[in-house]
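> I have a structure here, written as C-alpha cells, and I will follow up with some questions on it.
Every number here is computed from the coordinates shown, using simple stated rules; none is lab data. Source: prediction; values computed, not measured. Don't worry about glycine lacking a Cβ; one is built from the backbone with ideal geometry, like all the others, and counts go over all protein chains shown.
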Amino acid sequence: MNLKFIESDLEQWAQLSSDRNPIHFDEVFAKKNGLDGCIVHGMLAMLPMKEIFTEQNKKNSQYNHIKIFLKKSVPLNKELSYSHINNKIMLKSNDEHLYSSKITYLAENPPTEVKKESIPISSFISKKDLKEKYIKFKKLNKQTENNILFWDSILFSIYISNNKNSPLSHNVSDLLKRENLKPESYVVFQIEHSLTIFNNNVDLSIENIDCISYSLIGGDLIRIENNIYASIILYLYLHDKPIIKTEMGLLAKLF
C-alpha cells in the first residue's frame, strides 16, 4: 500500500488530536531541531499499520497486540509504502526504513487499582465534540467503522490535552529540578507505540459515551545524557471492563 501525507492531513489530525507540536507546522522550528523540514504526526503515520493489525485481530482474536517502533521521522509530501509480511508491518520511504512493528498475543489484565480510578470520558469531551472528532477521523482512516482506532486516537488526545497535569509531566518536572536542569526548550518525539485489544466485540459507538471511561498512568522515566525517555499508559473501559490499552514511549530532547 502506497500513501502520501500532505499539509491538510496534518491539520485534520491536529484538529482531531489537539497535537500542534511545532515540528509538524513550523519549518524553521523543525530545522532548528535537527530535522530536514516539517514531519508527519507519528500517530497519523501509524494509522495504516493499525488498520492492518485490527483486520488481523478480527480474523483471529489471538492477535491482540501491536508494538510499533519509530526509527525515523516520516517526511511530509513523500511517497510512503506499507508492507505486511508474517505479522510484521513496515513503513518505508524510498527504501528507507521508517517504522517497524510486530503483531503478537499479549495476555494481560489492567491493575485493579487503575480501573478503580478510571475517569468518565464525558468529563473530558462532550458527545457533540466527540461526534465532530469522529467526522475528522473518518476523513483520515479508510476503515470508517473501526471504532477501536478512533478511541485509540481519543486516548492520545486526552494525553495531549492534559499533558501539563499528567503524572508524566509532573515526573519530568521533578527530574529536571532534582538534577538542576534548565533547558531553554525541549522537543518531544514519540518513538514507540503499542495497542492491545482486550475485547473487539463491543459497541463503542459515541451514543455509549456515558458508559465509557479511561485511566492514565505514568510509566518508566529514564534520563540518558541530554534525553529523557518516558512512557505513558492509558486504558479504555466500557461498563468498567477493559477494552483497549494504549502505551506510548516518548523521548524529550533537551536543548
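> Can you list the DSSP H helices in the chain whose Cα atoms extend at least 24 Å along the helix axis and whose mean Kyte-Doolittle hydropathy is 1.0 or higher?
none
> What percent does the relative contact order of the chain come to when contacts are Cα pairs within less than 8 Å and at least six residues apart?
20 percent
> Among the GluC sites (Glu not before Pro) in the range 1-84, which ones are in a DSSP loop with at most 11 other Cβ atoms within 10 Å of the Cβ? Mind listing them?
Filter output for the range 1-84: Glu79.
> Which one of Tyr159, Ser101, Ile217 has its Cα pushed farthest toward the positive end of the charge dipole of the range 2-254, where Lys and Arg give +1 and Asp and Glu give -1 at the Cβ?
Of the options given, the answer is Ser101.
> Further question: Rank the residues Cys211, Cys38 as a footprinting-exposure proxy: fewest other Cβ atoms within 10 Å of their Cβ go first.
Cys211, Cys38
> For a quick check: with amide H placed at 1.01 Å from N, whose amide H comes under 5 Å from Phe198's, ignoring anything fewer than 5 positions away on the same chain?
Amide H to amide H, under 5 Å and 5 or more residues apart or across chains, Phe198 pairs with Ile244, Lys245.
> Report the full-extension gain for the segment Asp26 to Ile224: residue separation times 0.36 nm, less the Cα-Cα distance, to one decimal in nm.
Net length gain for the segment: 68.6 nm.
> Taking 22 Å as R0, compute the FRET efficiency from the Cβ-Cβ separation of Asp240 and Ser122 and round it to 0.05.
0.90
> Take the chain, connect every pair of alpha-carbon atoms lying under 10 Å apart with a spring to form a Gaussian network, then pick out the residue of Ile121, Ile209, Ile244 with the largest mean-square fluctuation.
In this elastic network of the chain, the residue with the biggest mean-square fluctuation among Ile121, Ile209, Ile244 is Ile209.
> Another question, then. Evaluate E = 1/(1 + (r/R0)^6) for Asn60 and Ala107, where r is the Cβ-Cβ distance and R0 equals 22 Å; express this FRET efficiency to the nearest 0.05.
0.90
> Note the full-extension length gain between Glu132 and Ser8 as 0.36 nm times their separation in residues minus their Cα-Cα distance, in nm to one decimal.
So the extension gain works out to 43.0 nm.
> Oh, and also: Check the straight Cα-Cα distances from Lys127 and name the aspartates and glutamates below 20 Å, setting aside those fewer than 8 residues away within the same chain.
Glu145, Asp152, Asp203, Glu207, Asp210, Asp240
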